[in-house]
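The structure appears below as structure tokens.
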Amino acid sequence: MQKVVLVTGASSGVGLALCKRLLEEDEELHVCLACRNVGKAEAVRAALLASHPTAEVSVVQVDVSNVQSVIRAARELKQRFQRLDYVYLNAGIMPNPQLNFRALFSGLFSRKVIHMFSTAEGLLTQEDKVTADGLQEVFETNVFGHFILIRELEPLLCHSDSPSQLIWTSSRNARKSNFHLEDIQHSSGQEPYSSSKYAIDLLSVALNRNFNPRGLYSSVVCPGTMVTNMTCGILPPFVWTLLMPIIWLVWLFHQQPESLNPLTKYLSATTGFGSNYVTTQKMDLDEDTAEKFYQNLLELEKHIRVTIQKTNNQS
């Protein structure tokens, strides 16, 4: 049976690179591009089909920063497909990153220079904003929108005969110190991106606890240093080029999801000779916190759905 892969944020950056690599690995896949901008997605679809004319590539419009858009997209996907084998939850934003030059220059002459560039710790300040759903934009885009998408797509993901796999694009910048259960949206902090990526790590662990028995497995990955629209907003492209952009996320596509450690983050890396490989890192979290966060998301989901229903009834 043909396998179906859904990739959010597939029109550029990591998502686009993933789609290209997936089709290089297996042209018999059906790759569905889940994107906010349909025009860009159609252009990407045409380019992918030009390189892989026998492949099947489709588009679904979804804005993960808008719950109603997510629900509409999920409804459309359930009409198209009987199951989804892989879902790359990749779409995300980092709002208005401002480089702290003082922290940069002091870090260049310290022992933490490699750590600083691999995690961006202390280098960035960000200003978040509120979406139409009344949620913090980074939290909804990077975490909650994808959570709703998973919830809506459960009939396509949970099968006892063969497992489905969720693969989240996390980050080395996912830091425990920037996340608080009392403020899961990070509305009171200045590093919403880091908080959202740590929230992804927590959510992945909780999803495994709740869905592994139903045939759904979740993993988190870090793509390494990448030249994308997001990173070019922080430093000029030539700087990132010097830092050796890398990607090896397709490695997970070849693994049995049951064999992967749910408490491990899989990191793309490159040797000094340019060879790609995958290394692992134990996530700095505990399963009880992950479960509490999951329950908080369920409560927030109830609230948002009630609000949407009231709004629809009034209109």
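Using θ = phi - 60° and the Karplus relation 6.51 cos²θ - 1.76 cosθ + 1.60, list the HN-Hα couplings for region 142-158 in order, rounded to whole Hz, with x at every Gly or Pro.
Taking θ as phi minus 60°, the curve returns 7, 10, 5, x, 5, 4, 4, 4, 4, 4, 6, 9, 3, x, 8, 9, 9 Hz for region 142-158.
Show the residues, 5+ positions off or on another chain, whose built amide H is closer than 5 Å to the amide H of Trp168.
Leu89, Ser219, Val220, Val221
Once phi is turned into ³J(HN,Hα) by the Karplus curve 6.51 cos²θ - 1.76 cosθ + 1.60 with θ = phi - 60°, what whole-Hz value does each residue of region 170-178 show in order, with x for glycine and proline?
Values, residue by residue: 9, 6, 5, 7, 6, 10, 4, 5, 9 Hz.
What pairs from Lys40/Lys292; Lys40/Lys129; Lys20/Lys292 go past 30 Å between their alpha carbons?
Those over the limit are Lys40/Lys292; Lys20/Lys292.
What lysines does Lys78 reach when the alpha-carbon gap must be under 20 Å and sequence neighbours fewer than 8 apart in one chain are set aside?
Lys3
Between Asp183 and Arg72, take the C-beta separation as r, use R0 = 30 Å, and let me know the FRET efficiency to the nearest 0.05.
0.55
Between Glu56 and residues 5 or more places away or on another chain, which pairs have amide H atoms under 5 Å apart, with H built 1.01 Å from N, and which residues are they?
When sequence neighbours closer than 5 places are left aside, the close amide H contacts are Val31.
Between beta-carbons, use under 13 Å as the cut-off and find the net charge around His180, counting Lys and Arg +1, Asp and Glu -1.
After counting each charged neighbour, the total is 0.
Dipole of region 36-87, Cα-centred, from +1 at each Lys and Arg C-beta and -1 at each Asp and Glu C-beta, to the nearest 20 debye?
For this selection, approximately 160 debye.
When a/c is below 1.5 the answer is rounded, else prolate if a/b is larger than b/c, else oblate, so apply that to region 8-66 with a ≥ b ≥ c taken from the square roots of the Cα gyration tensor eigenvalues.
Taking the square roots of the gyration eigenvalues as a ≥ b ≥ c, region 8-66 is prolate.
Bear in mind that the values in this text are calculations on the coordinates, not laboratory data. What you see is a predicted model; the values in this text were computed from it and never measured. Counting neighbours? That spans all protein chains shown, and the Cβs are built from the backbone with ideal geometry, glycine included.
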